[in-house]
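Below: one structure, written as structure tokens.
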Amino acid sequence: MVREIEASEITEAVARLAVEATHFLPDDVKNAIRDAKQTERSPLAIQIIDEILENAEVARQRMLPLCQDTGTAVVHIEVGQDVHIDGGYLIDAINEGIRKGYGEGFLRKSIAAQPFSARKNTGDNTPGVIHTEIVPGDKVRILFMPKGGGCENMSRYQNFLPGSGKSAVVDFVCETVDLSGGNPCPPLVIGVGIGGTAEKAMTMAKHSLFRKIGSRHQDGEVAQLEDELLEAVNALGVGPQAVGGSTTALDVFVETYPTHITALPVAVNIQCHSARTKEAIL
Amino acid sequence: MSDSTPVTTPLTDEVIDRLTIGTHVAFTGVIYTARDAAHKRLIELMKRGEKLPVDLRGQVIYYVGPTPPRPGAVIGSAGPTTSMRIDPYTKPILELGVKGIIGKGGRGPAVRAAIKEHHAVYCIAVGGTGALLNRHIKSAEVVAFEDLGTEAIRRLEVEGFPAIVVNDCKGGDLLESGKQQYRTSDRPIPAVRGL
């Protein structure tokens, strides 16, 4: 049985997600920031954490974006294989939703059309960076992430010798966070993709950022690595906004995939404390 | 911020002397917005020996690209952007007489040295608090490069705009000392290269 979904429904959903994601900090993120105050040792860091929490309140009450960088619109859409999209092309429908959400929501348009030359602003924040996945079932799940430039620009990828093991991963993640300093707006959420190919590793790192703070990978070994990485990163002393402190990351998520016998791909994709995501299911 | 130092713009040398690392500053007066694209244009004008659209001597530059205001509002969300991207343009801007900069994150070694040399100050506002910072901006007017949209140069009137001194005129660096103070890791601190 094929289920029909109108392209316009997808457009409306994306537009709504763009506005909600940029104005309302998810509860898991807010709670994690609040909890960090209990363990934070630096008084200046605690003041900064308080301002971040107050900002979330002000944004909600006054309908102002949490951050002026309302990001690249990253959309991950899971389309059930029993769904048929009616009345338009899926990708066009998503971009139309971005156009509508960023326009009507008074969000910043931050997309430059020609990356290495004229860099003219497209004026409507399109095109989004869109990942599609065909999944079982007859639902459409839309994951929306307005991804800020400050943190995205601190992404790193490296392929290690296959026998390098866990220590190579921990060293690479710690070095990335150390070098990034205040640029990605700590406290951070850190996504790590290990295995696959270069693009697979980075896609996993990005996709892991849709997870809820405090969630752990179902594989015990991976979950343990997540705990280890979080502890190692928070020992670096970078702190909120890099002023020094014990809260450098709110969480670290790891996703893995089998890889080639010659390779150990490791990708790091960083999210700022304004860890904005929102999902809808049609 | 309860213990902040009120400062009015433009900045004088005497005021800059008092702004040591870790000081909470509350800026009141006029500040100018400029990001990478506006800096690039300013420097091109300087190179060609043309008149600049704004007199920046003694002024404070804020690295921000705000969201559009809702109808009737002065400005949208307006927090700082990453300062390091503006590192390659900062030395000539300081030579021009800019005395204060507000952004987020650290600066490379060359910029730190230039801040000391030109007796200026670099502060951070808390990144990702653009809704909160909005309250301190009383007026906003585009004064140059309107075609750059959010990246145009705006003249902002601010009241008690909060920032923290990161690089002072004596060469201090809050981020470096903060990291050392709170680091419990045995890992050596990698050198910040800057851009």
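The values are calculated or read from the model by the stated rules, or taken from the named source; none is laboratory data. Note that the structure is predicted; figures quoted are calculated from it, not measured. Note: ideal-geometry Cβ built from the backbone for every residue, glycine included; neighbour counts use all protein chains shown. All accessible areas refer to the heavy atoms of the entire protein, side chains included, with ligands and DNA or RNA removed. Shrake-Rupley method; radii C 1.70, N 1.55, O 1.52, S 1.80 Å.
Here are the numbers:
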{"quantity": "Accessible area, probe 1.4 Å, largest first, for residues A:202, A:1, B:84", "calculated": "A:1, A:202, B:84"}
{"quantity": "Within a Gaussian network of chain B (alpha carbon springs, distance under 10 Å), most fluctuating of B:133, B:175, B:94", "calculated": "B:175"}
{"quantity": "Mean Cβ count within 10 Å, highest first, over the residues of peptides B:12-20, A:99-107, A:179-187", "calculated": "A:179-187, A:99-107, B:12-20"}
{"quantity": "Normalised contact order of the range A:150-274, rounded percent, pairs of Cα under 8 Å and 6 or more residues apart", "calculated": "45 percent"}
{"quantity": "For the protein assembly as shown, the spread of Cα positions along each principal axis, largest first, Å", "calculated": "75, 52, 43"}
{"quantity": "Heavy-atom accessible surface of chain A: percent carbon and sulfur, 1.4 Å", "calculated": "53 percent"}
{"quantity": "Packing rank of B:123-130, B:35-42, where each peptide gets the mean count of other beta carbons within 10 Å, highest leading", "calculated": "B:123-130, B:35-42"}
{"quantity": "Percent antiparallel among DSSP beta bridges (both partners in the range A:1-151, rounded to 5)", "calculated": "45 percent"}
{"quantity": "Two-site label geometry, residue B:96 and residue A:179: point separation in nm, points 7 Å out along Cα→Cβ", "calculated": "3.1 nm"}
{"quantity": "Cα centroid separation, the range A:189-260 to the range A:103-122 (Å)", "calculated": "30 Å"}
{"quantity": "Rounded FRET efficiency, nearest 0.05, which uses the C-beta distance separating residue A:60 from residue A:92 and R0 of 22 Å", "calculated": "0.10"}
{"quantity": "Computed E for residue A:85/residue A:260 - FRET, C-beta separation, R0 56 angstrom, nearest 0.05", "calculated": "0.95"}
{"quantity": "Helical mean residue ellipticity (222 nm; -39500 (n - 2.57) per DSSP H run of 4+; nearest 500) of the protein assembly as shown", "calculated": "-10500 deg cm²/dmol"}
{"quantity": "Relative contact order for the range B:41-191, counting Cα pairs under 8 Å that sit 6 or more residues apart, in percent", "calculated": "22 percent"}
{"quantity": "Residue A:153-residue B:4 FRET efficiency (beta carbon distance; Förster radius 30 Å; 0.05 resolution)", "calculated": "0.50"}
{"quantity": "Total accessible area lost when B and A pair, probe 1.4 Å, Å² to nearest 100", "calculated": "3800 Å²"}
{"quantity": "Long pairs among A:206/B:170; A:30/B:91; A:30/B:179; A:109/A:206; A:120/A:147; B:51/B:99, criterion Cα-Cα beyond 29 Å", "calculated": "A:206/B:170; A:30/B:91"}
{"quantity": "Within the accessible area of the range B:54-164 (1.4 Å probe), percent carbon and sulfur", "calculated": "50 percent"}
{"quantity": "Stretchable slack from residue A:171 to residue A:221, in nm (0.36 nm times residue separation minus alpha-carbon distance)", "calculated": "16.2 nm"}
{"quantity": "Within the protein assembly as shown, percent of DSSP bridges classed antiparallel, to nearest 5", "calculated": "55 percent"}
{"quantity": "Euclidean distance of C-alpha centroids, the range A:13-58 and the range A:156-171, integer Å", "calculated": "32 Å"}
{"quantity": "10 Å Cβ neighbours from other chains, averaged over peptide B:80-91", "calculated": "3"}
{"quantity": "Simple label model, 7 Å out from Cα along Cβ direction - residue A:120 to residue B:30, nm", "calculated": "3.3 nm"}
{"quantity": "Inter-label distance for residue A:228 and residue B:119, nm, one decimal - labels placed 7 Å from Cα along Cα-to-Cβ", "calculated": "5.4 nm"}
